[in-house]
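Asker: Here it is: the structure, laid out below.
The values are calculated or read from the model by the stated rules, or taken from the named source; none is laboratory data. What you see is a predicted model, and the numbers here were worked out from it, not measured in a lab. Positions of Cβ are backbone-derived with ideal geometry, glycine not excepted, and every protein chain shown enters the neighbour counts. The protein model used for the area step is the full one, side chains on, heavy atoms only, and it has no ligands, DNA or RNA in it. Shrake-Rupley method; radii C 1.70, N 1.55, O 1.52, S 1.80 Å.
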Amino acid sequence: MALSLTILDQVSVTLAGRRVLNAVSLKLHEGDFVMLRGANGAGKTTLLRCLLGMIRPASGSVQRALDPGETGYVPQVQHGALAMPLLVRDVVAIGRCAHLPFWGGLRPADEQAVDLALQTVGIAHLAKRPIRMLSGGEMQKMQLARVLAQQPRILLLDEPTVHLDAASRHEFIALLNHVFQTRPMAVLLVTHDEHAVPPCCTRELTLHDGGVREVGQAPLPVQPSTSILADYTGSAERSGKGA
Amino acid sequence: MFEFAFLRYALAGSVLAGILLSLTGVLLLLLDMPFLGTCMSHAAFLGAIVAVLVGVHPLAGALTACALAVLAIWPVAERTKAGANGALSVVMAGTMGLAFVFMSRLPGPKSEALTLIWGSVLTLTAAELAWLAGTTLVVTLLVIIFHRWIAAVLYDRDVARSSGVPVRAVLFGVLLAAGATVSASLDIVGGLLIFALLVNPASAAYHLTDRLKWTFLLAAVFGIVSTLGGLWISYWLDLPAGAVMALVSTLIFIAALAAGHRHCQRN
C-alpha cells in the first residue's frame, strides 16, 4: 500500500468569523495526483495553507510524514516577487535550501540539481535572466524548476495557471504531467480551469460549503515521453523503459 | 586634518555607518518595510531622550527602546505586506510625540537632545565607535552567512517556509539588526535623518542591478560615499554633517534613478 504523506482528519477552519473548512478529511499518498476545484472563496487556498502548516485548524488534526522542506509549493503568479533583484537561477536555487548545510553556498551536487531542474522544464537558457523580465508562463516554469530542485515528496500547486494564456496553460499542465510521471511524489493541484486535467490525474475533488466531495475516477496515467525527466531522478524504470 | 582624534573617529564612524545603514536598508526595502527603519529610528530617538532625562548614556536608552520596539513591532512585521506600513506609521507617530514631550522636560539648554535629532559625528567617542564597528561586523557576517535564506524570504515567505527556511527566525533577525543598526548610528546622522541613509543608498542600488549580491555591495558603496562625502562637504562648508550626508544620499538616489534600468521593467 502507498505511503500516506499527509492526512487531514476532520479539519475545520474559521477565518474572520466564517467557517471556511468544515470537518474536511483528505489523505494524500505517494503516487496520488489529486485535482481540487471550487468556487472563489470556497476554501481551496485555506486547505493548502493547512497542508503547508501555515494555518492551525480550529478542530481536527493535520498529520505529516514529512521533514521540513519535503513539501513543494507553487503559488499563483507572484507579480510582487518579480520586483526582487534575483535571477532565474537564484530562485530555482531556493529549492535547495532544505538540503544545504547551515553554513556556505551551493555544493557541486546542489548546482547539478539546479541545472537539471532548469533543463527539465526547458528554461536552462533563461538561467541568467532577471526574474522581472519573465512572462507569466516562464515564471510558472521557473516555479516548477524550483520545486524540482527541492525534490519534494508532496507538491502543492495553488491555481498555478490562473493568469496564463491558453498555450502557456497547456504547456504547464503537460510539463507537470511529465514531472509527476518521473518523481515518486504526491501532487495536489488546486485549479479553476475546467480544461486543465492532466492525463495522470488520479482523483478529482470539489470543495463546496466547506466540505470536500469526490467527483470521480480520472483516466489512467500515461507514460512520460522525455528521457531527460527520467534522467532527473534516475527512475528509468518508472518512465519510458517500463512501457 | 588626520592629527585630530575626533576627526579620525568621525571618518571611521562615517564609513562604518555608511556600510551598516545601507546593508540593513536593503533588507528593509526588499521586505517592503522601509517604515520599519523609520519606526526604529524614532524609538531609538525616544529611548535616547529618556536616557538623557534620567542621566544615563543615550546609546543605552536607544538600545533598550529598540529592543522594546522589536517586541512591539514583531506581530506587525510577521504579517505580509498589507497593512504593516500603516501600523508602523502609527507607532512612529506615537514615539515621535512622546520623544518631544520628554524633550520639553529636559532642564537647561537642550544641546544634547538636539544632537540626537541632527547627529554629531564629530563628538563620537572611542566606545561608541567600537560599538558601531562590532554591530557592522555582526550584521555583515549575518548577511553573508544567511544570504540564501534571506533571498528566499525576500522572494516569497510562503515559498521560503515550504523550502525549509526558518522564516520567523530570519524576520526576527532582520528586526534585531534594524534595532542595533539604528541605535549604533544615531550619533552619526541623528534620529530625524537616519531614515535617509537607510533608504536612499539601498533604493539607488536597487535601481541599478538585478543581482541581490550587487544590490548589497552597491548600497554599501553608496552608503560610504554618502557619509564620507557628506562629512567632507560639511567640513569645508561649515554645515551640519548629518544633514549634508542625507542630502548627498538623496542626490545619489536621483542619479541612480536617472541612470537605472528598472523603468523599462516588463511587468
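Asker: Open to solvent by less than 10 Å² (accessible area, probe 1.4 Å) and assigned to a helix (DSSP H, G or I): which single residue out of A:Ala167, A:Ala174, A:Ala145 fits that description?
Answerer: Answer to the check: A:Ala145.
Asker: Conditions first: (1) open to solvent by less than 60 Å² (accessible area, probe 1.4 Å); (2) more than 11 Å from chain A (Cβ to nearest Cβ). B:Tyr235 passes all but one, so which condition is the exception?
Answerer: The single condition B:Tyr235 does not satisfy is (1).
Asker: List the residue pairs whose Cβ atoms are under 6 Å apart, where the first residue sits in the range A:191-210 and is in contact (Cβ under 8 Å) with a residue 40 or more places away in the chain and over 19 Å from A:Gly31 (Cα atoms), the second is polar (S, T, N, Q) and open to solvent by 60 Å² or more (accessible area, probe 1.4 Å), and the two are 6 or more positions apart or on different chains.
Answerer: A:Gly210/A:Asn22
Asker: Tell me the strands (runs of 3 or more DSSP E) entirely within the range A:1-104 that contain at least 1 residues that are within 19 Å of the chain's Cα centre (by Cα) and more than 30 Å from B:Leu212 (Cα to Cα).
Answerer: Once the strands (runs of 3 or more DSSP E) in the range A:1-104 are filtered for at least 1 residues that are within 19 Å of the chain's Cα centre (by Cα) and more than 30 Å from B:Leu212 (Cα to Cα), what remains is A:4-15, A:18-29, A:33-38, A:59-64.
Asker: Residue by residue through the range A:46-84, note down the ones that are more than 7 Å from every other protein chain (Cβ to nearest Cβ), touching a residue at least 60 places away in the same chain (Cβ under 8 Å) and crowded, with 17+ Cβ neighbours inside 10 Å.
Answerer: Of everything in the range A:46-84, those that are more than 7 Å from every other protein chain (Cβ to nearest Cβ), touching a residue at least 60 places away in the same chain (Cβ under 8 Å) and crowded, with 17+ Cβ neighbours inside 10 Å turn out to be A:Leu47, A:Leu48, A:Leu51, A:Glu70, A:Val74, A:Gln76, A:Val77.
Asker: To continue, here is another question. Can we say B:Val189 is among the β-branched types (Val, Ile, Thr) and surrounded by fewer than 19 Cβ atoms within 10 Å (Cβ to Cβ)?
Answerer: No; evaluated as a whole, the condition is false for this residue.
Asker: Taking the condition of being at pLDDT 80 or above and assigned to a loop (DSSP other than H, G, I, E, B), how many residues in the range A:185-198 meet it?
Answerer: 2
Asker: Can you name every residue in the range B:1-21 that is open to solvent by 10 Å² or more (accessible area, probe 1.4 Å), part of a helix (DSSP H, G or I) and among the hydrophobic types (A, V, I, L, M, F, W, C)?
Answerer: B:Ala5, B:Phe6, B:Leu11, B:Ala12, B:Val15, B:Leu16, B:Ile19
Asker: Something else now. May I ask you to verify whether A:Leu126 is open to solvent by 30 Å² or more (accessible area, probe 1.4 Å) and more than 15 Å from A:Val74 (Cβ to Cβ)?
Answerer: It is false that A:Leu126 is open to solvent by 30 Å² or more (accessible area, probe 1.4 Å) and more than 15 Å from A:Val74 (Cβ to Cβ).
Asker: Give the range B:106-124 a look and list any residue that's at negative phi and open to solvent by less than 60 Å² (accessible area, probe 1.4 Å), or say none.
Answerer: Within the range B:106-124, B:Leu106, B:Ala113, B:Thr115, B:Leu116, B:Ile117, B:Ser120, B:Val121, B:Leu124 qualify.
Asker: Looking only at residues that are open to solvent by 30 Å² or more (accessible area, probe 1.4 Å), touching a residue at least 40 places away in the same chain (Cβ under 8 Å) and not basic (Lys, Arg) in the range B:135-176, which one is nearest to the other protein chains (Cβ to nearest Cβ)?
Answerer: Ranking the qualifying residues of the range B:135-176, first place goes to B:His147.
Asker: Quick one: would you say A:Leu134 is at the interface with chain B (Cβ under 8 Å from one of its Cβ atoms), buried (at least 17 other Cβ atoms within 10 Å of the Cβ) and touching a helix residue (DSSP H, G or I) at 6+ places or on another chain (Cβ under 8 Å)? So that I can check it myself, show each step before the final result.
Answerer: Values: at the interface with chain B (Cβ under 8 Å from one of its Cβ atoms): yes; buried (at least 17 other Cβ atoms within 10 Å of the Cβ): yes; touching a helix residue (DSSP H, G or I) at 6+ places or on another chain (Cβ under 8 Å): yes.
Yes: the conditions hold for A:Leu134.
Asker: Right, next: For a quick check of your reading: which helices (runs of 4 or more DSSP H) sit entirely within the range B:22-129 and have at least 2 residues that are polar (S, T, N, Q)? Steps first, please.
Answerer: On the way: elements: B:34-54, B:58-78, B:84-104, B:111-118.
Where helices (runs of 4 or more DSSP H) fall fully within the range B:22-129 and carry at least 2 residues being polar (S, T, N, Q), they are B:34-54, B:84-104, B:111-118.
Asker: For residues in the range A:85-104 being free of Cβ contacts under 8 Å to residues at least 24 places away in the same chain and more than 7 Å from chain B (Cβ to nearest Cβ), which is most open to solvent (accessible area, probe 1.4 Å)?
Answerer: Among those that are free of Cβ contacts under 8 Å to residues at least 24 places away in the same chain and more than 7 Å from chain B (Cβ to nearest Cβ), it is A:Phe102.
Asker: Name every residue in the range A:29-45 that is modelled with pLDDT under 85, of a type in the set (A, V, I, L, M) and open to solvent by less than 60 Å² (accessible area, probe 1.4 Å), in order of residue number.
Answerer: Within the range A:29-45, A:Ala42 is the sole residue that qualifies.
Asker: Now for a different question. If only one of B:Val26, B:Val52 is modelled with pLDDT under 90 and either over 13 Å from B:Leu198 (Cβ atoms) or under 15 Å from the mean Cα position of the chain (by Cα) (or both), which one is it?
Answerer: Within the list B:Val26, B:Val52, the selection yields B:Val52.
Asker: Among the listed residues B:Ala5, B:Ala77, B:Ala72, identify the single one that is modelled with pLDDT under 85 and closer than 26 Å to B:Ile144 by Cβ.
Answerer: B:Ala77 is the lone residue from the list that is modelled with pLDDT under 85 and closer than 26 Å to B:Ile144 by Cβ.
Asker: For the range A:148-166, name all the residues that are more than 15 Å from A:Ile94 (Cα to Cα) and in contact (Cβ under 8 Å) with a residue 60 or more places away in the chain.
Answerer: A:Arg153, A:Ile154, A:Leu155, A:Leu156, A:Leu157, A:Asp158, A:Glu159, A:Pro160, A:Val162, A:His163, A:Leu164 - these are the residues of the range A:148-166 that are more than 15 Å from A:Ile94 (Cα to Cα) and in contact (Cβ under 8 Å) with a residue 60 or more places away in the chain.
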